[in-house]
Amino acid sequence: MTDYDRLAELLFPDIDKTPEYYEEMYPERDLPEGARVTRFAPSPTGYLHIGGLFAAMVAKLTASTTGGVFFLRIEDTDKKREVEDGVTGIIDGLKAFGIEPDEGMTGPDTWEGDYGPYLQSARKDIYQTYAKDLVRRGFAYPCFCTAEELDELRKKQEAEGVNPGYYGEYAMWRDRSYDEYAEKVQAGVPWVLRLRSPGKPDGKIKVQDMIKGKMELPDNITDIVLLKTDGIPTYHFAHCIDDHLMHTTHVVRGDEWVSSIPTHIQLFRVCGFKPPKYAHIAPIMKLDGGGKRKLSKRKDPEAAVSYYVEEGYPKESVLEYLLTLANSNFEDWRRANKTAPLSEFPFNLKKMGVSGALFDLAKLNDVSKNVISRMEALTVLKCTMAWAEVYDVPFFNRLAADTDKALAIISIGRGGKKPRKDIAKWSDMPEYMAYFYDESYEPNYADPDNVTRADAAAILEKYREIYDINDDGQVWFDKVKSLCEPFGYTPNVKEYKNDPDAFKGHVGHVSTVIRIAVTGRTNTPDLCTIMKILGADEVESRLNEAIAAYKGE
Ligand code: GLU
């Protein structure tokens with residue numbers, strides 16, 4: 001037995017397994033050549049940032065486009081970051097946008113898959129087995145420094161003008177004898193386990209990042225903590241063991257981890273593992289004032305994925321928008337493949353932008369209007385009701401009371417070559433449909449353009465006489481046109497434009513009077529259809545009220 005062996009037994013008397021046991025338990029995955037295994041590995045903070053969803057989407061696509069596996073692991077080694085049931089929010093957030101993992105966590109403490117547990121706090125024995133092995137092989141040692149001693153070290157380094165940290169000559173427990181370690185352990189002094197870093201001062205590490213390209217980074221020389229005093233691993237150590245045993249081939253994550261790459265690669269090497277490939281994603285940015293900044297959890301409500309659920313953005317819209325941020329050729333592909341499902345897009349990690357993509361809600365709304373314009377009326381109704389049931393119950397009740405009417409409203413201007421594009425999210429619907437329902441209709445007898453209030457009243461009185469609920473679109477429009485000349489308007493818009501002084505206005509001005517009278521708005525989908533849905537009695541009563549209002553009665 002060497003001193004290292006003795007130390008390993010002293011530190012981990014209860015660990016009786018060896019790495020071989022776990023290597024056998026978690027064999028290579030049986031996947032086709034070139035298949036990539038990726039993961040999303042958040043802390044259980046309950047909060048899913050849109051940047052997290054973006055990274056998860058990229059990881060999922062990296063796996064799915066290669067016939068690989070995407071899994072969800074929860075990294076709960078840092079109890080300070082944890083909130084009560086912080087896992088559910090993450091699982092629900094991913095699910096709401098269709099970024100469902102192929103394996104991994106399914107609930108706060110449940111998982112599916114052959115490479116679990118996927119919750120780090122349930123893997124303590126695994127980490128300790130590998131930690132013990134590192135001690136045995138001389139790559140790890142116990143450190144008994146107190147917080148005060150580490151503080152003193154930092155002050156000393158500051159005074160000397162050297163980099164702070166536990167490394168080289170400053171690593172005071174690095175090169176002690178077995179007896180010195182044993183004396184402390186036996187006296188019950190708490191210890192952390194540190195890496196005996198093989199990094200050389202001034203050493204460089206070269207990596208080929210899938211997104212950022214070639215990078216050269218200073219090697220790690222710090223004897224980082226692998227296990228804390230309670231035997232729980234640090235994130236660095238845990239993720240390395242996990243990505244190895246879960247056979248992650250590509251680590252896709254935010255680029256705040258770039259500076260950790262040398263430490264991570266070093267850990268993989270000392271453990272005897274093949275390092276994964278890396279793809280570091282630049283953060284999502286936002287224009288603010290004159291400059292750009294990261295989307296912030298504190299300042300920007302749209303940073304939280306829950307915002308998109310609450311606002312009722314369809315998952316396809318959010319995904320489609322995130323894809324425009326991910327791959328610059330996505331929009332061309334969409335133009336050429338207007339109705340193809342997103343899963344057919346040939347996503348390419350190498351086409352990701354190196355600098356942070358700019359998040360733009362107005363653009364998301366445009367994308368979403370397109371997505372919703374392509375949906376069937378029934379789908380729109382179902383999604384709207386699912387949203388309303390949670391976020392606007394009175395509206396839900398209105399829809400539920402007469403779903404045929406709701407469907408008829410939603411069907412206006414849908415289908416065909418040029419569908420209407422006026423709905424960006426389900427929370428637009430209460431306002432979009434408001435004038436169809438007594439409870440939400442708000443009459444508004446504004447002054448119509450180019451029409452005096454007296455003329456408006458007269459036009460409406462005449463219209464009330466000739467209007468018939470059964471008129472088809474053509475007859476309906478002919479009747480509106482017939483109102484023009486008697487009141488000094490022209491049915492011909494071109495004619496008006498050629499000689500605006502010859503008329504009070506054109507047919508558009510006349511029809512707007514009717515539109516305002518019936519809907520309270522100047523802009524709506526096809527008015528003839530709207531009137532049919534409202535029914536003769538309702539139209540009649542709205543016309544009466546408008547006439548009275550314009551007459552000043
Ligand atoms: N648990 C880390 C986090 O909270 C994940 C980093 C990684 O993906 O390696 O962001």
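Conditions first: (1) on the phi < 0 side of the Ramachandran plot; (2) more than 14 Å from the ligand (Cβ to nearest atom); (3) surrounded by fewer than 21 Cβ atoms within 10 Å (Cβ to Cβ). G213 passes all but one, so which condition is the exception?
It is condition (1) that G213 fails.
Suppose we filter the stretch 286-306 for residues that are surrounded by fewer than 14 Cβ atoms within 10 Å (Cβ to Cβ) and in a helix (DSSP H, G or I); how many remain?
Here the count works out to 1.
If you check every pair at least six apart or on different chains, which have Cβ atoms under 7 Å apart with a residue in the stretch 142-155 that is open to solvent by less than 60 Å² (accessible area, probe 1.4 Å) first and a residue that is of a type in the set (K, R) second?
C143/R194; F144/K184
Out of the residues in the stretch 173-190 that are loosely packed, with under 15 Cβ neighbours inside 10 Å and hydrophobic (A, V, I, L, M, F, W, C), which is nearest to G272 (Cα to Cα)?
V189
Consider the stretch 63-75. How many of its residues are assigned to a loop (DSSP other than H, G, I, E, B) and open to solvent by less than 10 Å² (accessible area, probe 1.4 Å)?
Residues in the stretch 63-75 being assigned to a loop (DSSP other than H, G, I, E, B) and open to solvent by less than 10 Å² (accessible area, probe 1.4 Å): 1 in total.
May I ask you to verify whether P448 is at negative phi, surrounded by fewer than 17 Cβ atoms within 10 Å (Cβ to Cβ) and outside any helix (DSSP H, G or I)?
When the stated conditions are applied, P448 does not pass them.
Quick one: which of G46, G86, G98 is of a type in the set (G, A, S), open to solvent by 10 Å² or more (accessible area, probe 1.4 Å), over 23 Å from S343 (Cβ atoms) and at pLDDT below 95?
G46
Right, Y21: more than 16 Å from the ligand (Cβ to nearest atom), farther than 21 Å from W257 by Cβ, hydroxyl-bearing (S, T, Y) and touching a helix residue (DSSP H, G or I) at 6+ places or on another chain (Cβ under 6 Å) or not? Full working, then the answer.
Numbers: more than 16 Å from the ligand (Cβ to nearest atom): yes; farther than 21 Å from W257 by Cβ: yes; hydroxyl-bearing (S, T, Y): yes; touching a helix residue (DSSP H, G or I) at 6+ places or on another chain (Cβ under 6 Å): no.
Considered against the rule, which asks whether it is more than 16 Å from the ligand (Cβ to nearest atom), farther than 21 Å from W257 by Cβ, hydroxyl-bearing (S, T, Y) and touching a helix residue (DSSP H, G or I) at 6+ places or on another chain (Cβ under 6 Å), Y21 comes out as no.
Name every residue in the stretch 325-342 that is in contact (Cβ under 8 Å) with a residue 40 or more places away in the chain and either out of contact with any helix residue (DSSP H, G or I) (no Cβ under 9 Å at 6 or more places or on another chain) or closer than 23 Å to G415 by Cα (or both), in order of residue number.
Those that are in contact (Cβ under 8 Å) with a residue 40 or more places away in the chain and either out of contact with any helix residue (DSSP H, G or I) (no Cβ under 9 Å at 6 or more places or on another chain) or closer than 23 Å to G415 by Cα (or both): none in the stretch 325-342.
For the stretch 258-269, what are the residues that are surrounded by fewer than 19 Cβ atoms within 10 Å (Cβ to Cβ) and in contact with a helix residue (DSSP H, G or I) (Cβ under 8 Å, 6 or more places away or on another chain)?
S260, F268
Within the stretch 369-388, can one find any residue that is under 25 Å from Y307 (Cα atoms), assigned to a helix (DSSP H, G or I) and among the charged types (D, E, K, R)?
Within the stretch 369-388, one or more residues are under 25 Å from Y307 (Cα atoms), assigned to a helix (DSSP H, G or I) and among the charged types (D, E, K, R).
Go through (1) more than 14 Å from K551 (Cβ to Cβ); (2) open to solvent by 30 Å² or more (accessible area, probe 1.4 Å); (3) free of Cβ contacts under 8 Å to residues at least 60 places away in the same chain for S440 and report which single condition fails.
For S440, the exception is condition (2).
When you look at T522, is it of a type outside the set (G, A, S), open to solvent by 40 Å² or more (accessible area, probe 1.4 Å), at negative phi and in contact (Cβ under 8 Å) with a residue 24 or more places away in the chain, yes or no?
Here the answer is yes, as T522 does meet what is asked.
Please go through the stretch 490-505 and pick out each residue that is without any contact (Cβ under 8 Å) to a residue 24 or more places away in the chain and either surrounded by 17 or more Cβ atoms within 10 Å (Cβ to Cβ) or assigned to a helix (DSSP H, G or I) (or both).
If the condition is that a residue be without any contact (Cβ under 8 Å) to a residue 24 or more places away in the chain and either surrounded by 17 or more Cβ atoms within 10 Å (Cβ to Cβ) or assigned to a helix (DSSP H, G or I) (or both), then T490, P491, V493, K494, E495, Y496, K497, N498, P500, D501, A502, F503 are the ones that fit.
The values are calculated or read from the model by the stated rules, or taken from the named source; none is laboratory data. These numbers were taken from a predicted model, which means no experiment stands behind them. Heads up, the Cβs are rebuilt from the backbone with ideal geometry, glycines too, and the neighbour counts pull from every protein chain shown. These accessible areas exclude ligands, DNA and RNA; they are computed on the full protein's heavy atoms, side chains included. Shrake-Rupley method; radii C 1.70, N 1.55, O 1.52, S 1.80 Å.
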